[in-house]
Amino acid sequence: MRIAILGFGSVGRGVAQVVQEKDLGITVTGLADSRSGIMDPDGIDLQAALDRKAKTGFCGDRSTAPLDVVDGAEYDALVEVSPTRIEDGEPAITHIVHALSRGKHAVTSNKGPIALAHRRLHTLAASHGAQLRYEATVCGAIPVLHVLQHDLLGNQVKALHGVMNGTCNFILTRMEDEGLTYDQALAEAREMGYAEADPSYDVKGIDAALKLVILANTIWDLGVTLDDVEITGIDLITPDAIRLACERETTIRLIAEAIPEKGLLRVSPRIIPHGHPLLVEGTLNAVTLHTDLAGELTFIGKGAGSVETASAVIGDLLYIGEHHAGAH
Amino acid sequence: MQVSMKLEMKDTPGQLVSVLTPISQCGGNIIAVIHQRDQDSDSGVLDVQIVLDLPEGRLDDLVGQIKKRGVTITRIGKERLFLQRSLLMIGHIMHTDISDTVDQIDRTGFAEVAELSLVMPAISERSSARITLKTATAADMNSAVTLLRKVSEKKEILIVEPLEECG
(Lines give C-alpha, C1' and ligand atoms only; values in the text may rest on other atoms or scores of the structure.)
Protein backbone atom coordinates (compact mmCIF):
# COMPACT_ATOMS: atom_id res chain seq x y z
CA MET A 1 0.00 0.00 0.00
CA ARG A 2 1.28 3.45 -0.91
CA ILE A 3 0.55 6.31 1.46
CA ALA A 4 1.06 10.06 1.61
CA ILE A 5 1.68 11.50 5.08
CA LEU A 6 0.40 15.04 5.64
CA GLY A 7 1.85 16.50 8.82
CA PHE A 8 5.25 15.60 10.18
CA GLY A 9 4.84 16.34 13.87
CA SER A 10 4.67 13.78 16.64
CA VAL A 11 2.10 11.50 14.97
CA GLY A 12 3.52 11.79 11.43
CA ARG A 13 7.01 10.95 12.63
CA GLY A 14 5.57 8.07 14.65
CA VAL A 15 3.92 6.65 11.52
CA ALA A 16 7.18 7.08 9.55
CA GLN A 17 9.11 5.34 12.30
CA VAL A 18 6.74 2.35 12.41
CA VAL A 19 6.69 2.04 8.60
CA GLN A 20 10.49 2.06 8.63
CA GLU A 21 10.91 -0.46 11.44
CA LYS A 22 8.19 -2.97 10.61
CA ASP A 23 7.63 -4.87 7.41
CA LEU A 24 3.99 -3.89 6.91
CA GLY A 25 3.92 -3.59 3.13
CA ILE A 26 3.49 0.18 3.35
CA THR A 27 5.46 2.57 1.14
CA VAL A 28 5.45 6.32 1.70
CA THR A 29 5.26 8.07 -1.69
CA GLY A 30 4.28 11.55 -0.48
CA LEU A 31 5.22 13.53 2.61
CA ALA A 32 4.55 17.09 3.71
CA ASP A 33 4.67 19.32 6.75
CA SER A 34 3.01 22.74 6.87
CA ARG A 35 5.70 24.43 4.75
CA SER A 36 7.35 21.80 2.55
CA GLY A 37 6.68 18.60 0.65
CA ILE A 38 8.32 15.71 -1.16
CA MET A 39 7.05 13.06 -3.58
CA ASP A 40 8.63 9.88 -4.92
CA PRO A 41 6.55 7.09 -6.51
CA ASP A 42 9.27 4.57 -5.65
CA GLY A 43 9.21 5.44 -1.97
CA ILE A 44 10.68 8.30 0.03
CA ASP A 45 13.83 7.77 2.08
CA LEU A 46 12.15 8.22 5.47
CA GLN A 47 15.33 8.31 7.53
CA ALA A 48 16.66 11.15 5.36
CA ALA A 49 13.34 12.99 5.79
CA LEU A 50 13.42 12.51 9.58
CA ASP A 51 17.01 13.78 9.71
CA ARG A 52 16.20 16.74 7.46
CA LYS A 53 13.21 17.63 9.65
CA ALA A 54 15.32 17.46 12.81
CA LYS A 55 18.09 19.57 11.29
CA THR A 56 16.25 22.18 9.22
CA GLY A 57 12.65 22.01 10.39
CA PHE A 58 11.49 21.05 6.86
CA CYS A 59 10.79 17.49 5.79
CA GLY A 60 10.97 18.22 2.05
CA ASP A 61 11.26 20.82 -0.66
CA ARG A 62 9.99 24.28 0.22
CA SER A 63 8.74 24.83 -3.31
CA THR A 64 6.34 21.88 -2.93
CA ALA A 65 3.17 22.80 -1.02
CA PRO A 66 1.27 20.26 1.08
CA LEU A 67 -1.69 20.43 -1.29
CA ASP A 68 0.65 19.66 -4.23
CA VAL A 69 1.46 16.38 -2.48
CA VAL A 70 -2.24 15.61 -1.85
CA ASP A 71 -3.10 16.30 -5.51
CA GLY A 72 0.05 15.04 -7.21
CA ALA A 73 1.56 12.12 -5.34
CA GLU A 74 0.78 8.53 -6.30
CA TYR A 75 -0.76 6.93 -3.25
CA ASP A 76 -3.65 4.68 -2.17
CA ALA A 77 -4.36 6.35 1.16
CA LEU A 78 -3.82 9.83 2.53
CA VAL A 79 -2.63 9.94 6.15
CA GLU A 80 -3.77 13.35 7.45
CA VAL A 81 -1.97 13.83 10.77
CA SER A 82 -1.55 17.59 10.94
CA PRO A 83 -2.48 19.29 14.24
CA THR A 84 -6.16 19.92 15.04
CA ARG A 85 -7.38 23.46 14.33
CA ILE A 86 -10.75 23.58 15.94
CA GLU A 87 -11.77 26.97 14.49
CA ASP A 88 -12.26 25.66 10.96
CA GLY A 89 -10.63 22.21 10.69
CA GLU A 90 -8.33 23.52 7.95
CA PRO A 91 -6.16 22.79 6.09
CA ALA A 92 -6.97 19.17 6.94
CA ILE A 93 -10.55 19.28 5.60
CA THR A 94 -9.28 20.52 2.21
CA HIS A 95 -6.58 17.84 2.15
CA ILE A 96 -9.10 15.08 2.88
CA VAL A 97 -11.68 16.46 0.41
CA HIS A 98 -9.05 16.54 -2.35
CA ALA A 99 -7.85 13.00 -1.60
CA LEU A 100 -11.37 11.52 -1.41
CA SER A 101 -12.33 13.34 -4.62
CA ARG A 102 -9.42 11.56 -6.29
CA GLY A 103 -10.90 8.30 -5.04
CA LYS A 104 -8.11 7.87 -2.51
CA HIS A 105 -8.77 6.53 0.99
CA ALA A 106 -8.15 8.84 3.95
CA VAL A 107 -6.98 8.02 7.45
CA THR A 108 -6.67 10.79 10.02
CA SER A 109 -5.76 11.54 13.61
CA ASN A 110 -6.98 15.11 13.20
CA LYS A 111 -10.14 15.78 15.22
CA GLY A 112 -11.05 18.96 13.32
CA PRO A 113 -12.33 17.44 10.07
CA ILE A 114 -14.23 14.63 11.80
CA ALA A 115 -15.81 16.82 14.48
CA LEU A 116 -16.73 19.60 12.03
CA ALA A 117 -17.43 17.88 8.72
CA HIS A 118 -18.11 14.21 9.45
CA ARG A 119 -21.27 13.86 7.35
CA ARG A 120 -19.90 15.77 4.36
CA LEU A 121 -16.66 13.77 4.30
CA HIS A 122 -18.47 10.50 4.86
CA THR A 123 -20.82 11.19 1.94
CA LEU A 124 -17.93 12.25 -0.28
CA ALA A 125 -15.99 9.09 0.55
CA ALA A 126 -18.99 6.89 -0.20
CA SER A 127 -19.65 8.58 -3.53
CA HIS A 128 -16.05 7.94 -4.63
CA GLY A 129 -15.87 4.41 -3.28
CA ALA A 130 -13.18 5.46 -0.82
CA GLN A 131 -12.76 4.69 2.86
CA LEU A 132 -12.52 7.32 5.59
CA ARG A 133 -11.16 6.05 8.90
CA TYR A 134 -10.23 8.02 12.01
CA GLU A 135 -9.49 5.66 14.89
CA ALA A 136 -6.61 7.87 16.06
CA THR A 137 -8.90 10.86 16.73
CA VAL A 138 -10.40 9.23 19.83
CA CYS A 139 -8.50 7.86 22.83
CA GLY A 140 -5.17 7.36 21.00
CA ALA A 141 -4.15 3.72 20.94
CA ILE A 142 -7.49 2.34 22.21
CA PRO A 143 -9.29 0.79 19.20
CA VAL A 144 -12.71 1.96 20.37
CA LEU A 145 -14.07 2.90 16.92
CA HIS A 146 -13.06 -0.42 15.44
CA VAL A 147 -14.76 -2.23 18.31
CA LEU A 148 -17.91 -0.15 17.78
CA GLN A 149 -18.01 -0.51 13.99
CA HIS A 150 -17.03 -4.16 13.72
CA ASP A 151 -16.81 -6.15 16.93
CA LEU A 152 -20.07 -4.99 18.50
CA LEU A 153 -22.26 -5.47 15.43
CA GLY A 154 -25.79 -6.32 16.52
CA ASN A 155 -25.41 -4.45 19.77
CA GLN A 156 -27.18 -1.24 20.58
CA VAL A 157 -24.92 1.17 22.44
CA LYS A 158 -27.05 2.90 25.05
CA ALA A 159 -24.46 5.15 26.65
CA LEU A 160 -20.78 5.79 26.99
CA HIS A 161 -18.54 7.26 29.64
CA GLY A 162 -14.86 7.96 29.33
CA VAL A 163 -11.68 9.55 30.57
CA MET A 164 -10.60 10.99 27.24
CA ASN A 165 -7.97 13.59 28.02
CA GLY A 166 -4.60 12.44 29.35
CA THR A 167 -3.47 15.94 30.35
CA CYS A 168 -6.45 16.44 32.68
CA ASN A 169 -6.12 12.95 34.07
CA PHE A 170 -2.43 13.50 34.79
CA ILE A 171 -3.15 16.79 36.58
CA LEU A 172 -5.95 15.31 38.71
CA THR A 173 -3.84 12.24 39.53
CA ARG A 174 -0.94 14.42 40.72
CA MET A 175 -3.27 16.65 42.75
CA GLU A 176 -4.65 13.57 44.48
CA ASP A 177 -1.37 11.72 45.02
CA GLU A 178 0.81 14.65 46.09
CA GLY A 179 -1.70 17.25 47.26
CA LEU A 180 -0.43 19.65 44.57
CA THR A 181 -2.44 22.72 43.63
CA TYR A 182 -3.90 22.87 40.15
CA ASP A 183 -1.20 25.36 39.06
CA GLN A 184 1.61 23.16 40.40
CA ALA A 185 0.25 20.04 38.71
CA LEU A 186 -0.20 21.94 35.44
CA ALA A 187 3.39 23.20 35.60
CA GLU A 188 4.54 19.62 36.11
CA ALA A 189 2.44 18.44 33.15
CA ARG A 190 4.12 21.12 31.00
CA GLU A 191 7.58 20.00 32.13
CA MET A 192 6.76 16.41 31.20
CA GLY A 193 5.53 17.51 27.78
CA TYR A 194 1.92 16.51 28.55
CA ALA A 195 0.51 20.04 28.33
CA GLU A 196 0.77 22.72 25.66
CA ALA A 197 2.00 26.26 26.34
CA ASP A 198 -1.68 27.23 26.12
CA PRO A 199 -3.32 24.38 28.01
CA SER A 200 -6.90 25.67 27.76
CA TYR A 201 -7.83 23.29 24.92
CA ASP A 202 -7.16 20.38 27.28
CA VAL A 203 -7.99 21.67 30.77
CA LYS A 204 -11.22 23.41 29.77
CA GLY A 205 -12.55 20.11 28.46
CA ILE A 206 -12.66 21.07 24.75
CA ASP A 207 -10.43 18.20 23.58
CA ALA A 208 -12.54 15.64 25.46
CA ALA A 209 -15.73 17.25 24.11
CA LEU A 210 -14.44 16.94 20.51
CA LYS A 211 -13.84 13.24 21.06
CA LEU A 212 -17.33 12.91 22.51
CA VAL A 213 -18.77 14.63 19.41
CA ILE A 214 -16.86 12.24 17.14
CA LEU A 215 -18.04 9.19 19.09
CA ALA A 216 -21.66 10.38 19.27
CA ASN A 217 -21.77 11.07 15.54
CA THR A 218 -20.13 7.75 14.73
CA ILE A 219 -22.29 5.60 17.00
CA TRP A 220 -25.66 7.31 16.77
CA ASP A 221 -25.24 9.60 13.74
CA LEU A 222 -26.53 12.47 15.89
CA GLY A 223 -25.03 15.21 13.73
CA VAL A 224 -23.96 17.13 16.84
CA THR A 225 -21.21 19.73 17.17
CA LEU A 226 -19.11 21.12 20.00
CA ASP A 227 -21.91 23.61 20.78
CA ASP A 228 -24.21 20.73 21.74
CA VAL A 229 -21.88 19.55 24.52
CA GLU A 230 -22.20 20.93 28.05
CA ILE A 231 -18.54 21.51 28.98
CA THR A 232 -16.91 22.18 32.35
CA GLY A 233 -13.13 21.95 32.67
CA ILE A 234 -10.89 21.02 35.58
CA ASP A 235 -9.14 24.39 36.03
CA LEU A 236 -11.21 25.32 39.09
CA ILE A 237 -10.68 22.06 40.98
CA THR A 238 -8.94 22.51 44.33
CA PRO A 239 -6.78 20.01 46.23
CA ASP A 240 -9.21 20.50 49.15
CA ALA A 241 -12.10 19.27 47.01
CA ILE A 242 -10.11 16.19 46.04
CA ARG A 243 -9.26 15.58 49.72
CA LEU A 244 -12.93 15.88 50.68
CA ALA A 245 -13.74 13.32 47.97
CA CYS A 246 -10.97 11.01 49.18
CA GLU A 247 -12.41 11.02 52.72
CA ARG A 248 -15.33 9.11 51.21
CA GLU A 249 -13.10 6.76 49.18
CA THR A 250 -13.87 8.62 45.99
CA THR A 251 -11.93 11.02 43.79
CA ILE A 252 -12.42 13.44 40.90
CA ARG A 253 -11.90 12.74 37.21
CA LEU A 254 -12.89 14.60 34.03
CA ILE A 255 -15.61 12.40 32.54
CA ALA A 256 -17.08 12.63 29.06
CA GLU A 257 -20.59 11.25 29.00
CA ALA A 258 -23.16 10.55 26.27
CA ILE A 259 -26.64 9.19 26.95
CA PRO A 260 -28.73 9.90 23.83
CA GLU A 261 -32.05 8.79 25.31
CA LYS A 262 -31.68 11.53 27.93
CA GLY A 263 -30.32 13.98 25.35
CA LEU A 264 -27.17 14.18 27.45
CA LEU A 265 -23.75 15.14 26.08
CA ARG A 266 -21.55 16.36 28.88
CA VAL A 267 -17.89 16.78 29.79
CA SER A 268 -17.41 17.63 33.46
CA PRO A 269 -15.38 16.83 36.54
CA ARG A 270 -17.17 14.06 38.43
CA ILE A 271 -16.85 12.16 41.67
CA ILE A 272 -16.03 8.50 41.06
CA PRO A 273 -15.42 5.82 43.67
CA HIS A 274 -12.00 4.27 44.23
CA GLY A 275 -11.83 0.98 42.37
CA HIS A 276 -14.13 2.22 39.57
CA PRO A 277 -13.11 0.84 36.14
CA LEU A 278 -12.76 4.36 34.71
CA LEU A 279 -10.41 5.44 37.49
CA VAL A 280 -7.11 5.32 35.58
CA GLU A 281 -3.86 6.96 36.61
CA GLY A 282 -1.60 9.46 34.89
CA THR A 283 -2.07 10.11 31.18
CA LEU A 284 -4.07 6.93 30.54
CA ASN A 285 -7.46 7.03 28.84
CA ALA A 286 -10.43 4.77 29.55
CA VAL A 287 -13.82 4.36 27.94
CA THR A 288 -16.86 2.35 29.03
CA LEU A 289 -19.54 1.35 26.53
CA HIS A 290 -22.97 0.35 27.85
CA THR A 291 -24.53 -2.04 25.36
CA ASP A 292 -27.73 -4.08 25.28
CA LEU A 293 -26.18 -7.46 24.47
CA ALA A 294 -22.57 -7.35 25.63
CA GLY A 295 -23.30 -5.36 28.78
CA GLU A 296 -20.60 -3.02 29.96
CA LEU A 297 -17.20 -3.01 28.28
CA THR A 298 -14.30 -0.89 29.49
CA PHE A 299 -11.12 -0.24 27.49
CA ILE A 300 -8.00 1.27 29.00
CA GLY A 301 -4.90 2.43 27.15
CA LYS A 302 -2.59 5.21 26.13
CA GLY A 303 -4.50 8.20 24.85
CA ALA A 304 -1.59 10.03 23.25
CA GLY A 305 2.04 9.61 22.24
CA SER A 306 3.80 9.39 18.93
CA VAL A 307 4.00 5.63 18.32
CA GLU A 308 0.80 4.93 20.32
CA THR A 309 -1.26 7.21 18.07
CA ALA A 310 0.59 5.82 15.04
CA SER A 311 -0.68 2.39 16.14
CA ALA A 312 -4.25 3.54 15.50
CA VAL A 313 -3.31 5.09 12.13
CA ILE A 314 -1.45 1.95 11.01
CA GLY A 315 -4.38 -0.22 12.15
CA ASP A 316 -6.76 1.80 9.95
CA LEU A 317 -4.38 1.59 6.97
CA LEU A 318 -3.92 -2.16 7.24
CA TYR A 319 -7.67 -2.63 7.69
CA ILE A 320 -8.27 -0.73 4.44
CA GLY A 321 -5.48 -2.69 2.75
CA GLU A 322 -7.09 -5.96 3.77
CA HIS A 323 -10.72 -5.14 3.05
CA HIS A 324 -10.60 -2.59 0.27
CA ALA A 325 -7.35 -3.47 -1.47
CA GLY A 326 -6.57 -2.36 -5.00
CA ALA A 327 -9.64 -0.13 -5.14
CA HIS A 328 -7.78 2.72 -6.73
CA MET B 1 -40.15 5.67 54.19
CA GLN B 2 -37.38 3.24 54.94
CA VAL B 3 -37.88 0.99 57.95
CA SER B 4 -35.50 -1.46 59.51
CA MET B 5 -36.78 -4.07 61.94
CA LYS B 6 -35.10 -6.58 64.15
CA LEU B 7 -37.24 -9.64 64.60
CA GLU B 8 -36.97 -12.65 66.83
CA MET B 9 -38.77 -15.77 65.68
CA LYS B 10 -38.86 -19.49 66.17
CA ASP B 11 -36.28 -21.34 64.07
CA THR B 12 -38.86 -23.49 62.34
CA PRO B 13 -39.72 -23.87 58.66
CA GLY B 14 -42.19 -21.32 57.33
CA GLN B 15 -41.61 -18.71 60.04
CA LEU B 16 -39.66 -16.30 57.85
CA VAL B 17 -42.17 -16.51 54.99
CA SER B 18 -45.02 -15.81 57.39
CA VAL B 19 -43.37 -12.48 58.24
CA LEU B 20 -42.57 -11.51 54.67
CA THR B 21 -46.14 -12.02 53.43
CA PRO B 22 -47.74 -9.13 55.39
CA ILE B 23 -45.00 -6.78 54.16
CA SER B 24 -46.10 -7.09 50.56
CA GLN B 25 -49.76 -6.94 51.68
CA CYS B 26 -49.01 -3.53 53.21
CA GLY B 27 -47.49 -2.33 49.92
CA GLY B 28 -43.96 -2.64 51.23
CA ASN B 29 -40.89 -3.43 49.24
CA ILE B 30 -38.20 -5.56 50.85
CA ILE B 31 -34.73 -4.10 50.41
CA ALA B 32 -32.72 -6.57 52.47
CA VAL B 33 -33.15 -9.56 54.73
CA ILE B 34 -30.22 -10.18 57.03
CA HIS B 35 -30.43 -13.58 58.49
CA GLN B 36 -28.30 -14.28 61.55
CA ARG B 37 -28.58 -17.62 63.21
CA ASP B 38 -27.84 -17.29 66.87
CA GLN B 39 -24.36 -18.44 67.80
CA ASP B 40 -26.00 -20.80 70.20
CA SER B 41 -28.04 -22.53 67.52
CA ASP B 42 -29.68 -24.80 70.04
CA SER B 43 -31.70 -21.90 71.40
CA GLY B 44 -34.29 -22.47 68.68
CA VAL B 45 -34.55 -18.71 68.12
CA LEU B 46 -33.82 -16.96 64.87
CA ASP B 47 -32.73 -13.30 64.67
CA VAL B 48 -33.66 -11.62 61.42
CA GLN B 49 -33.12 -8.03 60.39
CA ILE B 50 -35.35 -6.72 57.62
CA VAL B 51 -34.93 -3.47 55.72
CA LEU B 52 -37.94 -2.36 53.73
CA ASP B 53 -39.46 0.56 51.90
CA LEU B 54 -42.98 1.17 53.20
CA PRO B 55 -45.68 3.66 52.15
CA GLU B 56 -46.38 6.33 54.78
CA GLY B 57 -49.01 5.38 57.39
CA ARG B 58 -48.78 1.62 57.02
CA LEU B 59 -46.26 0.86 59.78
CA ASP B 60 -48.76 0.31 62.64
CA ASP B 61 -50.77 -2.09 60.49
CA LEU B 62 -47.64 -4.04 59.59
CA VAL B 63 -46.44 -4.24 63.19
CA GLY B 64 -49.87 -5.62 64.24
CA GLN B 65 -49.81 -8.24 61.50
CA ILE B 66 -46.31 -9.41 62.40
CA LYS B 67 -47.13 -9.64 66.12
CA LYS B 68 -50.24 -11.64 65.34
CA ARG B 69 -47.99 -14.31 63.84
CA GLY B 70 -46.15 -14.78 67.12
CA VAL B 71 -43.01 -12.94 66.06
CA THR B 72 -41.33 -10.54 68.47
CA ILE B 73 -40.16 -7.18 67.14
CA THR B 74 -37.13 -6.22 69.20
CA ARG B 75 -36.34 -2.94 67.42
CA ILE B 76 -37.81 -0.59 64.82
CA GLY B 77 -35.84 2.14 63.07
CA LYS B 78 -37.50 4.66 60.77
CA GLU B 79 -35.82 6.86 58.21
CA ARG B 80 -38.01 8.96 55.95
CA LEU B 81 -35.18 10.23 53.75
CA PHE B 82 -32.90 7.32 53.08
CA LEU B 83 -31.38 8.21 49.71
CA GLN B 84 -28.09 10.05 50.07
CA ARG B 85 -25.85 11.73 47.56
CA SER B 86 -22.63 13.63 48.27
CA LEU B 87 -21.49 16.41 45.95
CA LEU B 88 -18.54 18.78 46.02
CA MET B 89 -18.81 22.56 45.89
CA ILE B 90 -15.92 24.82 44.91
CA GLY B 91 -16.08 28.61 45.03
CA HIS B 92 -16.68 31.46 47.44
CA ILE B 93 -19.01 29.33 49.48
CA MET B 94 -19.13 31.35 52.70
CA HIS B 95 -19.25 34.77 51.05
CA THR B 96 -22.20 33.74 48.92
CA ASP B 97 -24.19 32.86 52.05
CA ILE B 98 -23.94 29.14 52.63
CA SER B 99 -26.87 29.15 55.06
CA ASP B 100 -29.06 30.50 52.27
CA THR B 101 -27.85 27.70 49.99
CA VAL B 102 -28.69 25.08 52.64
CA ASP B 103 -32.02 26.76 53.38
CA GLN B 104 -33.10 26.61 49.76
CA ILE B 105 -32.62 22.83 49.81
CA ASP B 106 -34.25 22.31 53.22
CA ARG B 107 -37.24 24.49 52.31
CA THR B 108 -38.23 22.15 49.47
CA GLY B 109 -39.80 19.77 51.98
CA PHE B 110 -38.54 16.76 50.01
CA ALA B 111 -34.80 17.18 50.51
CA GLU B 112 -32.46 17.96 53.36
CA VAL B 113 -28.82 18.80 53.71
CA ALA B 114 -27.53 16.01 55.95
CA GLU B 115 -23.89 16.98 56.13
CA LEU B 116 -21.61 19.80 55.12
CA SER B 117 -17.81 19.71 55.40
CA LEU B 118 -16.13 22.97 54.52
CA VAL B 119 -12.45 23.72 53.97
CA MET B 120 -11.36 27.36 53.74
CA PRO B 121 -7.73 27.89 52.73
CA ALA B 122 -7.43 31.71 52.96
CA ILE B 123 -9.85 34.58 53.04
CA SER B 124 -9.68 35.53 49.36
CA GLU B 125 -9.28 32.02 47.96
CA ARG B 126 -11.99 29.69 46.81
CA SER B 127 -13.16 27.24 49.43
CA SER B 128 -14.27 23.65 48.93
CA ALA B 129 -17.10 21.73 50.54
CA ARG B 130 -18.67 18.31 50.52
CA ILE B 131 -22.44 18.49 50.81
CA THR B 132 -24.63 15.45 51.42
CA LEU B 133 -28.26 15.59 50.37
CA LYS B 134 -30.99 13.27 51.61
CA THR B 135 -34.29 12.53 49.90
CA ALA B 136 -36.94 9.82 49.87
CA THR B 137 -36.90 9.00 46.16
CA ALA B 138 -34.54 9.12 43.19
CA ALA B 139 -36.78 11.66 41.45
CA ASP B 140 -36.61 13.95 44.49
CA MET B 141 -32.83 13.54 44.54
CA ASN B 142 -32.56 14.63 40.92
CA SER B 143 -34.76 17.66 41.65
CA ALA B 144 -32.63 18.54 44.69
CA VAL B 145 -29.40 18.27 42.67
CA THR B 146 -30.90 20.41 39.90
CA LEU B 147 -31.88 23.03 42.49
CA LEU B 148 -28.40 22.98 44.03
CA ARG B 149 -26.86 23.41 40.59
CA LYS B 150 -29.16 26.35 39.85
CA VAL B 151 -28.47 28.09 43.15
CA SER B 152 -24.73 27.47 42.77
CA GLU B 153 -24.62 28.76 39.22
CA LYS B 154 -25.97 32.11 40.40
CA LYS B 155 -23.31 32.17 43.12
CA GLU B 156 -20.58 31.08 40.69
CA ILE B 157 -19.93 27.92 42.66
CA LEU B 158 -18.76 24.85 40.75
CA ILE B 159 -20.68 21.68 41.59
CA VAL B 160 -18.96 18.32 41.09
CA GLU B 161 -21.54 15.54 40.92
CA PRO B 162 -20.96 11.82 41.32
CA LEU B 163 -21.02 9.77 38.15
CA GLU B 164 -24.36 7.97 38.24
CA GLU B 165 -24.09 4.92 36.04
CA CYS B 166 -27.02 4.18 33.80
CA GLY B 167 -28.72 0.95 34.71
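The values are calculated or read from the model by the stated rules, or taken from the named source; none is laboratory data. Model, not experiment: these values are computed from the prediction. Don't worry about glycine lacking a Cβ; one is built from the backbone with ideal geometry, like all the others, and counts go over all protein chains shown. Quick note on the areas: whole protein, heavy atoms, side chains included, nothing else; ligands and nucleic acids left out. Shrake-Rupley method; radii C 1.70, N 1.55, O 1.52, S 1.80 Å.
From the phi angles alone, apply the Karplus equation (6.51, -1.76, 1.60; θ = phi - 60°) to the stretch A:239-247 and give each ³J(HN,Hα) in whole Hz, x where the residue is Gly or Pro.
x, 4, 5, 5, 4, 4, 5, 5, 4
Return one number: the angle in degrees, 0 to 90 and rounded to the nearest 10, between the long axis of the Cα atoms of helix B:138-154 and the longest principal axis of the Cα atoms of chain B.
Long axis of B:138-154 versus the principal axis of chain B: about 10 degrees.
Can you work out the accessible area per residue across chain A, with the rest of the protein chains kept in place, probe 1.4 Å, in square angstrom? Could you put the intermediate results ahead of the total?
Numbers: 13250 Å² over 328 residues.
For chain A, the per-residue accessible area is 40 Å².
What figure in square angstrom, to the nearest 10, would you give for the accessible area of A:D228 with a 1.4 Å probe?
Surface open to solvent at A:D228 totals about 80 Å².
Want the number for A:R190 to A:E74: 0.36 nm per residue separation, take away the alpha-carbon distance, what's left?
Working it through step by step, the gained length comes to 37.8 nm.
From largest accessible area down, sort A:D292, A:D207; use a 1.4 Å probe on the protein chains.
Numbers: A:D292 70, A:D207 10 Å².
Order by accessible area, largest first: A:D292, A:D207.
As I understand it, the value is the acute angle between the Cα axis of helix A:306-323 and the longest principal axis of the Cα atoms of chain A; what does it come to in degrees, rounded to 10?
With rounding to tens, the tilt is 60 degrees.
Size of the dipole of the stretch A:1-122 about the Cα centre, Lys and Arg at +1 and Asp and Glu at -1 on the beta carbon, nothing else charged, in debye to 20?
Details: 14 positive and 16 negative charges, 73 e Å.
The calculation lands at about 360 debye.
Looking at chain A, which longest stretch skips every one of the trypsin sites (Lys or Arg not before Pro) that is in a DSSP loop with at most 11 other Cβ atoms within 10 Å, leaving the sites themselves out?
The answer is A:63-328.
Ignoring ligands, DNA and RNA, how much accessible area is buried between chains B and A, both sides summed, with a 1.4 Å probe, to the nearest 100 Å²? Don't jump to the answer; show the numbers that get you there.
On the way: alone 10030 and 14240 Å², together 22230 Å².
Accessible area lost upon association: around 2000 Å².
Under 5 Å between amide H atoms, partner at least 5 residues away or on a different chain: which partners does A:T250 have, H built in plane at 1.01 Å?
A:H274
Might you work out the accessible area of A:T232 for me, using a 1.4 Å probe with all protein chains in place, and round it to the nearest 10 Å²?
50 Å²
Estimate the FRET efficiency between B:R149 and A:K158 by the formula 1/(1 + (r/R0)^6), using the beta-carbon distance for r and 35 Å for R0, to the nearest 0.05.
Numbers: r = 24 Å, r/R0 = 0.69.
For B:R149 and A:K158, the calculated efficiency is 0.90.
Which distance in nm do the two modelled labels at A:D88 and B:K6 give, with both placed 7 Å along the Cα-to-Cβ direction?
7.5 nm
Name the residue farthest towards the positive end of the dipole of the protein assembly as shown from the options A:L6, B:T146, A:I237, assuming +1 on Cβ of Lys and Arg, -1 on Cβ of Asp and Glu, about the Cα centre.
B:T146
Give me the accessible area of A:H323, 1.4 Å probe, in Å² rounded to the nearest 10.
The accessible area comes out at roughly 100 Å².
Accessible area, 1.4 Å probe, largest first: how do B:M1, B:M120, B:M141, A:M1 sort?
Details: B:M1 35, B:M120 115, B:M141 5, A:M1 55 Å².
Descending accessible area places them as B:M120, A:M1, B:M1, B:M141.
Averaged per residue, what accessible area in Å² does chain B show with a 1.4 Å probe, protein chains only?
54 Å²
Once you list every other residue whose beta carbon is under 12 Å from the beta carbon of A:A48, what net charge do they have if Lys and Arg are +1 and Asp and Glu are -1?
0
Do me a favour and compute the ellipsoid semi-axes for chain B from its Cα gyration tensor, root of five times each eigenvalue, largest one first, whole Å.
For chain B, the ellipsoid semi-axes come out as 44, 17, 13 Å.
In whole percent, what relative contact order does chain A give with Cα contacts below 8 Å and a gap of six or more residues?
19 percent
What is the sum of charges around A:F58, taking Lys and Arg as +1, Asp and Glu as -1, for the other residues whose C-beta is under 12 Å from the C-beta of A:F58? All intermediate terms of the calculation are to be shown ahead of the outcome.
Details: positive: A:R35, A:R52, A:K53, A:K55, A:R62; negative: A:D33, A:D51, A:D61.
Charge balance near A:F58 sits at +2.
Okay, helix-only estimate at 222 nm for chain A: each DSSP H run of n ≥ 4 adds -39500 (n - 2.57), divide by all residues, round to 500 deg cm²/dmol; what do you get? Provide the component values of the computation, followed by the final result.
Details: 11 runs with 125 residues, N = 328.
Mean residue ellipticity, 222 nm, calculated: -11500 deg cm²/dmol.
When the accessible area of chain B is split by element with a 1.4 Å probe, what percent falls to carbon and sulfur?
48 percent
Ignoring everything except DSSP H segments at least 4 long, calculate the 222 nm mean residue ellipticity for chain B; use -39,500 (n - 2.57) per segment, divide by total residues, nearest 500.
-8500 deg cm²/dmol
Tell me, what % of the accessible area of chain A is carbon and sulfur with a 1.4 angstrom probe?
Whole-percent figure for carbon plus sulfur exposure: 49.
What is the mean number of Cβ atoms from other protein chains located within 10 Å of the Cβ atom of each residue in peptide A:158-166, rounded to a whole number?
Shielding by partners across A:158-166 averages 1.
Where a Cα-Cα gap under 20 Å defines reach, which lysines qualify for A:K158, not counting those fewer than 8 residues away within the same chain?
Cα-Cα hits under 20 Å: A:K211, A:K262.
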